[in-house]
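Chemist: I'd like to ask some things about the structure below.
Values in this text are rule-based calculations from the coordinates and carry no lab data. Computed from a predicted structure; not experimentally measured. Backbone-built Cβ (ideal geometry, glycine too); neighbour counts: all protein chains shown.
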Amino acid sequence: MQSKVLIVDDDKDIRNLLSVYLENEGMQTIQSENAIEALELLEKKDFDLIILDVMMPMMDGIQACMKIRQERNMPIIMLSAKSEDMDKIQGLASGADDYLSKPFNPLELIARVKSQLRRYRKYNQDTDSNRELIEIGDLKINTETRQVWVREKDVRLTPKEFAILELLARNKGIVMSIEKIYEAVWQEDFYKSDSTVMVHITKIRDKLEEDPKRPIYVKTVWGVGYKI
């Protein structure tokens with residue numbers, strides 16, 4: 001299947017150069033000149049990988065990467081004119097999978113793109129073939145029998161608690177908003193004043209966590225939502 005790559009850079013020459021190299025490798029490319037336009041494209045289309053420049057007007061690549069990671073887990077390769085170690089650390093900490101300093105060899109970038117796509121496809125295949133059992137540290141979830149164990153102990157969850165935990169576990173590392181959790185689990189529109197999700201998260205933590213005030217599994221991302 002043809003891979004679809006989103007190239008986000010305010011430099012038209014770089015976008016065009018990358019498109020030529022990627023398309024010569026049989027990939028499909030779509031270009032965006034800024035991060036705001038890229039986020040809009042992500043709402044409309046699915047991509048297998050994103051190449052994201054750091055230094056852009058309106059919204060930089062770090063901010064864009066963090067927003068993308070709230071909902072999506074496809075590989076992100078960052079490009080930057082900065083080559084300092086701290087800049088690379090910041091880029092990777094924001095959720096990027098790889099980081100390449102400008103100027104770069106296009107052939108090296110292509111090799112990294114292929115490597116990230118291979119890992120992403122293998123991860124998805126492993127996930128699809130093992131969807132009945134989810135293991136995260138000492139937490140095990142059997143989605144077929146709807147059983148949960150933590151630290152080898154059986155945990156009894158209500159159907160709604162289990163549905164929330166399964167949703168978060170299947171989207172490990174991705175922040176899910178309260179609205180998305182509610183609408184996915186309850187299958188109805190969310191009302192901003194509704195504290196239902198928060199109450200259920202508290203109950204899940206009481207059952208899973210050794211110290212619910214310092215959760216290991218279900219983390220709060222303030223102002224955004226929850227994630228595992």
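Chemist: Cut-off under 21 Å on the C-alpha distance; same-chain residues fewer than 8 positions from Lys44 excluded. Which lysines are left, in chain and number order?
Modeler: The reachable lysines, counting only those whose Cα sits under 21 Å from Lys44, are Lys4, Lys67, Lys180.
Chemist: Let me ask another. Counting alpha carbon pairs within less than 8 Å and at least 6 residues apart, what relative contact order, in whole percent, applies to the stretch 1-124?
Modeler: Values: 193 pairs, mean separation 27.6, N = 124.
Relative contact order for the stretch 1-124 comes out at 22 percent.
Chemist: So what's the net charge close to Gly95: Lys and Arg +1, Asp and Glu -1, counting the other residues with Cβ under 12 Å from its Cβ?
Modeler: Numbers: positive: Lys67, Arg69, Arg72, Lys227; negative: Glu71, Asp97, Asp98.
Taking every other residue near Gly95 into account, the sum is +1.
Chemist: With just the Cα atoms defining each centre, how far is the stretch 62-106 from the stretch 185-228? Give it in Å.
Modeler: Rounded to whole Å, the Cα centres lie 29 Å apart.
Chemist: Using θ = phi - 60° and the Karplus relation 6.51 cos²θ - 1.76 cosθ + 1.60, list the HN-Hα couplings for the stretch 158-169 in order, rounded to whole Hz, with x at every Gly or Pro.
Modeler: Each residue's phi maps through the Karplus curve to give 6, x, 5, 4, 4, 4, 5, 4, 4, 4, 5, 5 Hz.
Chemist: Oh, and also: State to the nearest 20 debye the size of the charge dipole of the stretch 71-112 about its Cα centre, where the only charges are +1 on K and R beta carbons and -1 on D and E beta carbons. Working shown, then result.
Modeler: On the way: 5 positive and 7 negative charges, 22 e Å.
Once rounded to the nearest 20, the dipole reads 100 debye.
Chemist: When only C-alpha pairs under 8 Å and at least 6 residues apart count, what is the relative contact order of the chain, in percent?
Modeler: 13 percent
Chemist: Contact order normalised by length for the stretch 133-227, with contacts defined as Cα pairs under 8 Å and 6 or more residues apart; what percent is it? Write out the running numbers ahead of the final one.
Modeler: Details: 107 pairs, mean separation 23.2, N = 95.
Computed value for the stretch 133-227: 24 percent relative contact order.
Chemist: Given N residues in the chain, what is Rg(Cα) / (2.2 N^0.38 Å)? Walk me through the numbers before you get to the answer.
Modeler: Numbers: Rg = 19.8 Å, N = 228, 2.2 N^0.38 = 17.3 Å.
Against the empirical 2.2 N^0.38 Å value, I get 1.14 for the chain.
Chemist: What does the charge dipole of the stretch 102-228 about its Cα centre add up to, to the nearest 20 debye, if the Cβ of each Lys and Arg holds +1 and the Cβ of each Asp and Glu holds -1?
Modeler: Numbers: 25 positive and 20 negative charges, 129 e Å.
Using only the charged Cβ atoms, the result is roughly 620 debye.
Chemist: Please list 3J(HN,Hα) in residue order for the stretch 209-223, calculated via the Karplus relation 6.51 cos²θ - 1.76 cosθ + 1.60 where θ = phi - 60°; whole Hz, with x for glycine and proline.
Modeler: Using θ = phi - 60°, the values come out as 8, 5, 10, x, 7, 10, x, 8, 9, 8, 9, 8, 10, 4, x Hz.
Chemist: Given Cβ point charges of +1 (Lys, Arg) and -1 (Asp, Glu) and nothing else, what value in debye, to the nearest 20, does the dipole of the chain about its Cα centre take? Please report the intermediate quantities before stating the final value.
Modeler: Working: 35 positive and 40 negative charges, 137 e Å.
Result for the chain is approximately 660 debye, rounded to the nearest 20.
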